[in-house]
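Take a look at the structure below.
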Amino acid sequence: MPASLSSESIVWLRPRWMIGLGITLGLIAVATILGPTERVLGTALRLVLLHGAWVWVGKAAYALAGLAGLVFWLTRRSVWAERSTALGWTALFIWSTYLPMSLYLQISIWGGVFWEEPRWRVPLMLWGVSLVFQVAGWLMRDLRVLTFLNTAFAVLLWWQLGATETILHPQSPVFGGEAVRIQAHFVLLVLLCSLLMLQIAAVLIPAARRLFAHLT
């Protein structure tokens, strides 16, 4: 079988991977549809909770990509560069899908897009930086460069988001109140979205391995 069609290169086509991803996506959809409502937001709260869980998992994916990159620098084992790369791609995918969700919620809840809202402007800026870093790492195909960029960006993202103030966006929309049912549902969504994140990263590892094949 040609190398381009090897079992490793088409891992994402394996039924067990597709079934696993499908089951997790289905569980996320069911959990969202059956989610709680509240007096002000009504049923929109369900998508708000998914949006919050999705962005937190995106932040976690960037952090894991950065940590894997740091482990590579400490151990010089290429397997950690592959994991850092796959997690970086996964994080960019999550961030790229989180932004349209944020736009939709702004329009449906606020009645339009508030471009000056720091919780929108800063994540959008960070998405652009992440895209540039990932493209640069892919073009250079250098383990040291790509892992360094992943680690540096993880620090940048967490630092910037931690220092970002809000105008319309609440500081802690879920844990700022005492609605235990809403908080428990949010935690459930975070766990399910985290599982999906890890599944996507696992599917992307063979592609990351091929990216550095010429170095091994």
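The values are calculated or read from the model by the stated rules, or taken from the named source; none is laboratory data. These numbers were taken from a predicted model, which means no experiment stands behind them. Note: ideal-geometry Cβ built from the backbone for every residue, glycine included; neighbour counts use all protein chains shown. All accessible areas refer to the heavy atoms of the entire protein, side chains included, with ligands and DNA or RNA removed. Shrake-Rupley method; radii C 1.70, N 1.55, O 1.52, S 1.80 Å.
Determine the gain in length on full extension of the stretch Phe212-Gln183; use 0.36 nm per residue of separation and subtract their C-alpha separation, reporting nm with one decimal. Can you show the working numbers first?
Values: separation 29, 0.36 × 29 = 10.44 nm, distance 4.20 nm.
Stretched out fully, the Phe212 to Gln183 stretch lengthens by 6.2 nm.
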Based on the Cα coordinates of the range 29-89, what is the per residue volume of their convex hull in Å³?
82
Label Trp17 and Ser96 with points 7 Å out from Cα along Cα→Cβ: what is the distance between them in nm?
1.7
Take each of the peptides 151-160, 200-209, average the number of other beta-carbon atoms within 10 Å over its residues, and list them starting from the highest.
200-209, 151-160
All Cα pairs of the range 43-122, percent lying beyond 20 Å:
44
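Rank Ile33, Ile109 by accessible area, highest first, at a 1.4 Å probe radius? Walk me through the intermediate numbers first.
Values: Ile33 110, Ile109 65 Å².
Listed by decreasing accessible area, they come as Ile33, Ile109.
What's the extension gain from Thr37 to Ile107 if we count 0.36 nm per residue and subtract their Cα-Cα distance? Before the final figure, lay out the partial values.
Values: separation 70, 0.36 × 70 = 25.20 nm, distance 1.87 nm.
So the chain would gain 23.3 nm between Thr37 and Ile107.
First select every other residue whose beta carbon is under 14 angstrom from the beta carbon of Asp142; then total the charges, Lys and Arg +1, Asp and Glu -1. Walk me through the numbers before you get to the answer.
Values: positive: Arg76, Arg141, Arg144; negative: Glu82.
Charge balance near Asp142 sits at +2.
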